[in-house]
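Chemist: Dumping the structure here so I can ask a few things about it.
Just so it is clear, none of the values below were taken in a lab; they were calculated from the coordinates. The model shown is predicted, which means the values in this text are computed figures rather than measured ones. Methodologically, a virtual Cβ is constructed for each residue, glycine included, from the backbone with ideal geometry; neighbour enumeration extends over all protein chains shown.
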Amino acid sequence: MTLTVDNTDSSHTQTGEFPCVSCHTNCCKEYVIFVNAHDVYRLSVGLGVPPENFLEIYGAKDYSLGIEVKEGLIDLALKQKKGACEFLEETGDVFRCTVNDFKPDVCKSYPFQMKNGKLIQMNDIMCPVDWDVSEFEKMMVAHLKKDESEWKFYDALVKEWNAKHWRKKPLSAFLKFMLDKVELSLKS
Ligand code: SF4
Ligand code: SF4
């Protein structure tokens with residue numbers, strides 16, 4: 001989940017070198033990227049492809065939040081290829097995200113999070129870098145607020161879908177319901 005910073009600028013870390021390149025994007029290989037409605041909408045519109053092309057379904061871990069469809073109680077995540085996100089491309093020894101402009105919120109914010117109203121770096125052994133949090137504060141705080149509200153929007157629409165007992169309908173019907181909701185919200 002490489003960060004949305006300009007990696008031609010080498011001043012983003014305490015060591016003075018932009019580190020995602022030399023780390024070989026471990027985070028894009030090790031995590032399953034679960035997505036919300038806005039993530040799916042941006043990717044689908046940005047790439048001009050239906051969500052089924054890039055989504056994988058997983059059995060829901062959280063029974064109160066899983067999507068009830070004909071296929072089961074599920075969560076949505078990005079497809080993987082050769083043990084990494086399918087949008088990760090390797091050229092020689094360089095890895096890059098091929099959907100940088102539309103990548104999911106979680107990819108944009110990793111490895112930062114808010115704790116007690118402050119931006120901090122996650123206590124996560126996956127990312128080997130000691131980031132200079134203060135450099136990202138303005139951009140990330142705004143991003144994480146937006147991210148939180150998009151997840152709330154998603155949780156509400158999943159609850160609405162489940163409450164309507166549409167569990168016999170297929171995933172494709174849920175995806176249409178979800179994308180229509182996002183489109184409506186963007187118009188209002
Ligand atoms: S969408 Fe891009 S940044 Fe996110 S996991 Fe995939 S390759 Fe990495
Ligand atoms: S694990 Fe850390 S250093 Fe490596 S690509 Fe992800 S954010 Fe960058």
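Chemist: Once you keep just the Cα pairs under 8 angstrom separated by 6 or more residues, what percentage relative contact order results for the chain? Working shown, then result.
Modeler: Details: 224 pairs, mean separation 53.9, N = 188.
Relative contact order, the chain: 29 percent.
Chemist: Oh, and also: For residue 69, list long-range residues whose amide hydrogen, built 1.01 Å from N in the peptide plane, is under 5 Å from its own amide hydrogen.
Modeler: 74
Chemist: Output the peptides 105-115, 121-131 sorted from most to least packed, where packing is the average of other Cβ atoms within 10 Å over each peptide's residues.
Modeler: 105-115, 121-131
Chemist: Okay, next question. If you find the alpha carbon centre of the range 98-125 and of the range 31-70, how far apart are they in angstrom?
Modeler: 18
Chemist: When 1/r is averaged over all different Cα pairs and the result inverted, which Kirkwood radius in Å belongs to the range 71-188?
Modeler: Values: mean 1/r = 0.0581 Å⁻¹.
With all distinct Cα pairs of the range 71-188 included, I get 17.2 Å.
Chemist: Let me ask something else. Which trypsin sites (Lys or Arg not before Pro) in the range 132-173 pass both tests, a DSSP loop state and at most 11 other beta-carbon atoms within 10 Å?
Modeler: Loop-located and lightly packed - 164, 168.
Chemist: So, one more: Could you pull out every residue, at least 5 positions away or on a different chain, whose amide H is within less than 5 Å of the one on residue 131? Hs are placed 1.01 Å off N in the peptide plane, and Pro or chain starts have none.
Modeler: none
Chemist: Just list whichever of 115/176; 82/103; 115/152 have alpha carbons separated by over 26 Å in the model shown.
Modeler: 115/176
Chemist: Let me ask something additional. When all C-alpha to C-alpha distances in the range 13-135 are sorted into bins of 5 Å, what percent of pairs does each bin hold, rounded to whole numbers?
Modeler: Histogram of Cα-Cα distances, whole percents per bin: 2, 9, 17, 20, 19, 16, 10, 5, 2, 0, 0.
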